[in-house]
Amino acid sequence: MTIEIDVLTLFPGMLAGPLDESIPGRAVARGLVTLRVHDLRAWGIGRHRSVDDAPYGGGAGMVLRPEPVGDALDALRRPGTTVLLMDPAGEPFRQATARELAGLEHLVLVCPRYEGVDERVRSLVDREISIGDYVLSGGELAAMVVIDAVIRLVPGVIEEASTIEESHAAGLLEYPQYTRPAVYRGMGVPSILTSGDHGAVARWRHAEAVRRTLHRRPDLLAGRELTADERRVIEEERDARRSEGDLA
Ligand code: ADE
């Protein structure tokens, strides 16, 4: 299975470097992903290929006009295409979103600059995506985040095992990992990891993932159906904390 991704931007050069390297670069080189970056100005208006204008009603900055985006999408859209608008007011981008998008055949990512987009652009796209509650100076970095997160989930791009166990894959943060040396600056390695007992290692890792999520991101557990094992780990942690509180 492969995925085709088109990006519409006023700064095509911004995407070249990061997506040429490492995992995205290799995925493209191996033909698992087709990535095309288009200069939105190619669909600009008039001799100056204008893409933006002052807001009706006044106010600061310039607003992206709808026609260049509309014409570009007319050229790129085909049956099976999903168009994403990068926008801080969009739906929050999560690992589940990345998984959904990785299963699609053709994505078009629209990266606005300026103060924003003409409201009518929203009627031209299928989804609006925000990568977090902060404002970037344009959609390019957000598009790169989405593309990177999606590409690594396309079958064959990386070893599937690494995407099953990693943070957020099962709604939990990832368990702690260790490699050599056995002792570093006085810090050892949990003995269970060198015990050779694969079942015990798996149970320990799962419990650690639950503990870490409970401490760092309790919000992730709130939206999750817990297994009996997970509930037990959480109870144990609460008891441990309570007795720490008693000691303090
Ligand atoms: N463009 C500007 N800020 C953004 C954000 N947080 N997510 C997606 N696109 C954006």
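The values are calculated or read from the model by the stated rules, or taken from the named source; none is laboratory data. Just so it is clear, the model here is predicted, and its values are computed rather than measured. Positions of Cβ are backbone-derived with ideal geometry, glycine not excepted, and every protein chain shown enters the neighbour counts. When the accessible area is computed, the model is the full protein with side chains, heavy atoms only, and any ligands, DNA or RNA have been set aside. Shrake-Rupley method; radii C 1.70, N 1.55, O 1.52, S 1.80 Å.
Taking into account only those residues within region 84-106 that are within 16 Å of the ligand (Cβ to nearest atom) and either among the small types (Gly, Ala, Ser) or under 15 Å from Val117 (Cα atoms) (or both), which is surrounded by the most Cβ atoms within 10 Å (Cβ to Cβ)?
Result: Met86.
Could you please let me know if Val121 is more than 9 Å from the ligand (Cβ to nearest atom), crowded, with 18+ Cβ neighbours inside 10 Å, under 19 Å from Val63 (Cα atoms) and at pLDDT 95 or above?
Spelling it out, Val121 is indeed more than 9 Å from the ligand (Cβ to nearest atom), crowded, with 18+ Cβ neighbours inside 10 Å, under 19 Å from Val63 (Cα atoms) and at pLDDT 95 or above.
Give the number of residues within region 1-59 that are among the charged types (D, E, K, R), more than 18 Å from Leu76 (Cβ to Cβ), surrounded by fewer than 16 Cβ atoms within 10 Å (Cβ to Cβ) and touching a strand residue (DSSP E or B) at 6+ places or on another chain (Cβ under 8 Å).
The qualifying residues number 1.
For region 60-77, name all the residues that are open to solvent by less than 60 Å² (accessible area, probe 1.4 Å) and either under 25 Å from Val150 (Cβ atoms) or of a type outside the set (A, V, I, L, M, F, W, C) (or both).
Gly61, Leu64, Pro66, Pro68, Val69, Gly70, Ala72, Leu73, Leu76
Filter region 138-164 down to residues that are without any contact (Cβ under 8 Å) to a residue 24 or more places away in the chain and either charged (D, E, K, R) or part of a loop (DSSP other than H, G, I, E, B) (or both), then give me how many there are.
Result for region 138-164: 2.
With a cut-off of at least 3 residues that are free of Cβ contacts under 8 Å to residues at least 60 places away in the same chain and more than 18 Å from Val117 (Cα to Cα), name the helices (runs of 4 or more DSSP H) lying wholly within region 12-83.
By residue number, 13-20, 22-29.
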